[in-house]
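Reviewing the structure listed below.
The values are calculated or read from the model by the stated rules, or taken from the named source; none is laboratory data. Values in this document were obtained by computation on a predicted structure and should not be read as measured data. Virtual Cβ from ideal backbone geometry, glycine too; neighbours counted across all protein chains shown. Surface areas here come from the heavy atoms of the whole protein model, side chains and all, with no ligands, DNA or RNA. Shrake-Rupley method; radii C 1.70, N 1.55, O 1.52, S 1.80 Å.
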Amino acid sequence: MHRTRIKICGLTREDDVAETVAAGADAVGFVLYPPSPRAVSITRMAELARTLPAFVTPVLLFVNADPAEVRAAVDVAPQALLQFHGDETPAYCAQFQRPYLRAARIPTGPAGAGFDLLKYAQDFASAQAILLDAHIEGYGGGGQSFDWNAFPWSHPQLNASSRLVLSGGLTPANVADGIQRVRPWAVDVSSGVESAKGIKDPQRVTAFIEAVRQADAQR
């Protein structure tokens, strides 16, 4: 049975980190993008990342950041995975010589089918995974989904079960459907498990993870 990995993103408090880890998350995301309501400073991120146990991965989310800022964050969290969510080029992402996720911002509605995901995955061949998110004004955390039927998920260039991370508008109620349709390597949620922006609801986090496990059992 394939076990879908789970990333909970946009954490800002120690209690939320501890509860998310206890619920069974594989990765915890920290937003290093100041305009975001879920943003934390590099210093705060380091404090939160230090509370993570072994085998739970911190993921650092950047949007068009100065390379010096990325390097400063890596210096204090050397075990972290990078996530680029803006307009970064393949050369920009690869310059840090670290594993990274590249977000594909897919238009919602019928326009999603016009996004050339195959080319995008090829352009970012150096990425450890492609994270599929809905394109909204701003960057991430909008709680919207793109059309999960818009792409040929079985295409070998996508390699969904080992290279795609499904994100965008996921909740405990719909994540199982997303897993059944896309069959991704991992899922990523932020607003779908919150009581307020940047504040996670432990019951929703637990329900989300349980829904993923139930979907896995039916794959």
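Annotations for the structure displayed:
- Subset tally (residues that are assigned to a loop (DSSP other than H, G, I, E, B) and surrounded by fewer than 22 Cβ atoms within 10 Å (Cβ to Cβ)) for the range 1-32: 7
- Candidate set from the range 81-123 (those that are open to solvent by less than 10 Å² (accessible area, probe 1.4 Å) and aromatic (Phe, Trp, Tyr)); member that is farthest from Phe62 (Cα to Cα): Tyr100
- Of the residues making up the range 166-197, those that are touching a Pro at 6+ places or on another chain (Cβ under 6 Å) and either open to solvent by 10 Å² or more (accessible area, probe 1.4 Å) or part of a loop (DSSP other than H, G, I, E, B) (or both) number 1.
- Out of Glu69, Glu88, one residue alone is under 21 Å from Pro37 (Cβ atoms), out of contact with any strand residue (DSSP E or B) (no Cβ under 7 Å at 6 or more places or on another chain) and not β-branched (Val, Ile, Thr). It is Glu69.
- First in the range 6-34 and free of Cβ contacts under 8 Å to residues at least 60 places away in the same chain, second anywhere and part of a loop (DSSP other than H, G, I, E, B) and hydroxyl-bearing (Ser, Thr, Tyr), Cβ under 7 Å, 6 or more apart: Glu14/Thr51; Val17/Thr51; Ala18/Thr51
- Residue in the range 54-80 that is most open to solvent (accessible area, probe 1.4 Å), counting only those that are part of a loop (DSSP other than H, G, I, E, B) and among the aliphatic types (A, V, I, L, M): Ala54
- Cross-chain or 6+ apart pairs with Cβ under 7 Å, the range 178-196 first and among the aromatic types (Phe, Trp, Tyr), then surrounded by fewer than 20 Cβ atoms within 10 Å (Cβ to Cβ): Trp185/Arg5; Trp185/Ser161; Trp185/Ser162; Trp185/Arg163
- Of all residues in the range 118-138, those satisfying the criterion of being over 17 Å from Ala91 (Cβ atoms) and in a loop (DSSP other than H, G, I, E, B) are His135, Ile136, Glu137, Gly138.
- Yes/no for Ala46 being on the phi < 0 side of the Ramachandran plot and either open to solvent by less than 60 Å² (accessible area, probe 1.4 Å) or not in a loop (DSSP other than H, G, I, E, B) (or both): yes
- Ser162 passes every criterion in (1) assigned to a loop (DSSP other than H, G, I, E, B); (2) open to solvent by less than 70 Å² (accessible area, probe 1.4 Å); (3) of a type in the set (S, T, N, Q) apart from (1).
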